[in-house]
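Structure first, commentary second.
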Amino acid sequence: MKTKKVITWVRDKLASLILAARDCHYSPCNREEHLVICQGKKFVVNLIKWECSCNQWLICSIPCKHTICCLGHTRQNPKNFCHTFYGVEKYMETYAEVMHTIAKVDLEPKDISEDIQPHPLRRHLGRPTCTRRKEPWEPKTGIKRSSIVKYKTCGGLGRNK
Ligand SMILES: [Zn+2]
C-alpha cells in the first residue's frame, strides 16, 4: 500500500503522537478491534471503522495515540489513516488557482473621516465621581495637608486663633 503524503503540521502531529503512544500497552482482541491500555484506562480501537473509544480520531480525523499504538503493532502507517483532506493532493487542489494581479486601480482609501461621527454624549446615571482614578504606576498617596496652621487674619503660623 502506497503511503499517503500529508501536510506538514499533520506530519508533525503524528510524530508527537508516535512518541506519546509509547505509554500505551497493546493487546489484540480480534482482527478488527484492538484493546489499548493507557494510564490505567482501556480503549477499544477499531481499525476497519476508524474508531477509538476516546473519540479523538472521530473528531479530528487524525489517529489518536491509542490508534497509533495499534498501527505500530500491525505494521501500518498512521499517515494512511488520516482523512484525505489532510493530504498533500487536496492541499494542492485547494491552492491550484493562481492569484492574478489586479489591474491598476486606485487603491487609495477614500477619505471617510467625515462620515464617521462620534458617539452622542450621554451623561451617566448618578453623581459623577470627584476623584480621578489613578493610573497603576501613580503612587497611592492621598493629599497631604500641612500640619502648620496659618491664621487667616494676621497671617501668623502655628496657631489657630
Ligand atoms: Zn483513542
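Under the definition of Cα pairs under 8 Å and six or more residues apart, what whole-number percent is the relative contact order of the stretch 8-94?
Rounded, it is 25 percent for the stretch 8-94.
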Over all pairs of different Cα atoms in the stretch 8-94, the reciprocal of the mean inverse distance gives a Kirkwood radius in Å of 13.1 Å
Please order TYR86, TYR91 by the number of other Cβ within 10 Å, starting at the fewest.
-> TYR91, TYR86
What longest range of the chain stays clear of loop-exposed GluC sites (Glu not before Pro) (DSSP non-H/G/I/E/B, at most 16 other C-beta within 10 angstrom)?
-> 33-96
Ranked list, fewest to most other Cβ atoms within 10 Å of each Cβ, for ARG31, ARG133 = ARG133, ARG31
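Rounded to the nearest 20 Debye, what is the dipole magnitude of the chain about its Cα centre when Lys and Arg each give +1 and Asp and Glu each give -1 at the C-beta? Intermediate results must be reported in sequence, preceding the final value.
On the way: 29 positive and 15 negative charges, 381 e Å.
Charge dipole of the chain: 1840 debye, to the nearest 20.
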Give, to the nearest whole percent, the P(r) tail of the chain beyond 28 angstrom, counting all Cα pairs.
-> 61 percent
Using only alpha carbon pairs under 8 Å that are at least six residues apart, calculate the relative contact order of the chain and give it in whole percent.
-> 17 percent
Can you pick out the pairs among LYS4/LYS42; LYS4/LYS90; LYS13/LYS79; LYS4/LYS49 whose Cα atoms lie more than 22 Å from each other?
-> LYS4/LYS42
With the dipole of the chain worked out from charges on the C-beta (+1 for Lys and Arg, -1 for Asp and Glu) around the Cα centre, which of ASN55, CYS154, PRO120 lies farthest toward the positive end?
-> CYS154
What lysines could a cross-link reach from LYS41, if we take a straight Cα to Cα line under 17 Å and drop same-chain neighbours fewer than 8 places away?
-> LYS65
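Read the figures in this text as sums done on the coordinates, not as results from a lab. Since the structure is predicted, the reported quantities are computational estimates derived from the model, not experimental observations. Note that each Cβ is placed from the backbone with ideal geometry, even for glycine, and that neighbours are counted across all protein chains shown.
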